[in-house]
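Colleague: Below is a structure I'd like to ask you about.
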Amino acid sequence: MIYPIEINNLHYKYEKDAREILNGANLKVAKGETVAIVGLSGSGKSTLIYNICGIIPHIYRGEAKGQVKIWGKDILDMKLSEISTKVGIVFQDPDTQLFSPTVEDEIAFGPENLCIAREQIGLRIKKVLETVNMEEYRLENPGNLSGGQKQLIAIASVLAMETEILLFDEILSQVDKEGRIKIREVIKGLKEEGKTIILIEHDLNNLQIADRVLQLKDGKLEEFKAGDIIGLHRT
Ligand SMILES: Nc1ncnc2c1ncn2[C@@H]1O[C@H](COP(=O)(O)OP(=O)(O)O)[C@@H](O)[C@H]1O
Ligand SMILES: [Mg+2]
């Protein structure tokens, strides 16, 4: 069986003599599945998904052992540009992801890099702004938006790449309550559309969207048990 995401016995440290952040992690995510990953701060959740979107090993090299496959293809055999058409990632802090003068430029940036035709890009902008319910902000400067709205635009710009796999790295943690409700609705919609989603979370309220919850502990992924909630909280 070919999985959208398959990780086999992954070990990783950022530097040669540093601690092993990942220490034999295994994961298979099926098409259309939403998997939440929880774990204490510093347990390596971001590191794990950097290994899925290619930031590791293509940007941070470090020392990796084991295998990460996207649709059966080893990530080492894929360029970042190819990975970016298959896996999208949204980060915790939308300010790290937004840099264009207008919302539409921001959303166009990724598809433009793929040399997609202008009308096609226009259609994508319209579609993703509808998905996140931000159509009226098309010409706005992202810098003028609220935290939640910025995160919706960061999501929209990732959706414009039309990847089937989406990685959300604690994307609700810097967003107010109203924004969180909107973003949760967007994630639910994407799940219903059949996207394959990994949700990194430390807020138990956000786990309800997931089909499955795993815990990253001692560098490995294990089944999450209700008793293991130390360090997690509800907002
Ligand atoms: N670029 C980096 N260089 C060296 N160490 C890092 C780097 N990024 C993260 N780490 C270390 O890796 C560990 C796991 O970090 P991270 O994956 O961000 O955890 P989490 O997302 O679960 O909070 C931490 O000890 C952190 O200090
Ligand atoms: Mg993190």
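What follows draws every value from the coordinates through simple rules; no lab data is involved. Everything quoted here is computed from the prediction, not taken from an experiment. Cβ atoms come from the backbone with ideal geometry, glycine included; neighbour counts cover every protein chain shown.
Colleague: Quick one: D105, D211, fewest Cβ neighbours within 10 Å first, how do they rank?
Modeller: D211, D105
Colleague: Kirkwood Rh over Cα pairs of region 5-56 into Stokes-Einstein at 10 °C, 1.306 mPa s: D in µm²/s?
Modeller: It diffuses with D of about 133 µm²/s by this estimate.
Colleague: Measure nothing fancy, just the Cα-based angle from helix 118-131's long axis to the longest principal axis of the chain, in degrees from 0 to 90, nearest 10.
Modeller: That works out to roughly 70 degrees.
Colleague: Relative to the longest principal axis of the C-alpha atoms of the chain, give the angle of the C-alpha long axis of helix 103-113, reported between 0 and 90° and rounded to the nearest 10°.
Modeller: 60 degrees
Colleague: Measuring from the lowest to the highest alpha carbon on each principal axis, how far does region 44-125 reach, largest first, in angstroms?
Modeller: Largest first, region 44-125 extends 42, 27, 16 Å along its Cα principal axes.
Colleague: Report the one residue of I181, T102, L76 whose Cα lies farthest in the direction of the positive end of the charge dipole of the chain (charges on C-beta: Lys and Arg +1, Asp and Glu -1; origin at the Cα centre).
Modeller: Selected residue: L76.
Colleague: May I pose another question? Which of the aspartates and glutamates could a cross-linker span from K65 if the Cα-Cα distance has to be under 17 Å and same-chain partners fewer than 8 positions apart are dropped?
Modeller: Correct list for K65: E6, E15, D17, E20, D74, D77, D218.
Colleague: With θ set to phi - 60°, apply the Karplus curve 6.51 cos²θ - 1.76 cosθ + 1.60 along region 201-210 and write out the HN-Hα couplings as whole Hz, x wherever there is a Gly or Pro.
Modeller: 9, 10, 9, 4, 4, 8, 7, 4, 5, 7
Colleague: Exposure proxy check: F109, F99, F224 ranked by fewest other beta carbons within 10 Å?
Modeller: Listed from fewest to most nearby Cβ atoms, that is F99, F109, F224.
Colleague: Here is a follow-up. With each label point set 7 Å from Cα along the Cα-Cβ vector, what nm distance links E20 and K188?
Modeller: Taking the two extended label points, one gets 4.1 nm.
Colleague: Another question, then. Tell me the Rg and the Dmax, in Å, that the Cα atoms of the chain produce.
Modeller: Every Cα atom of the chain included, Rg and Dmax give 17.3, 52 Å.
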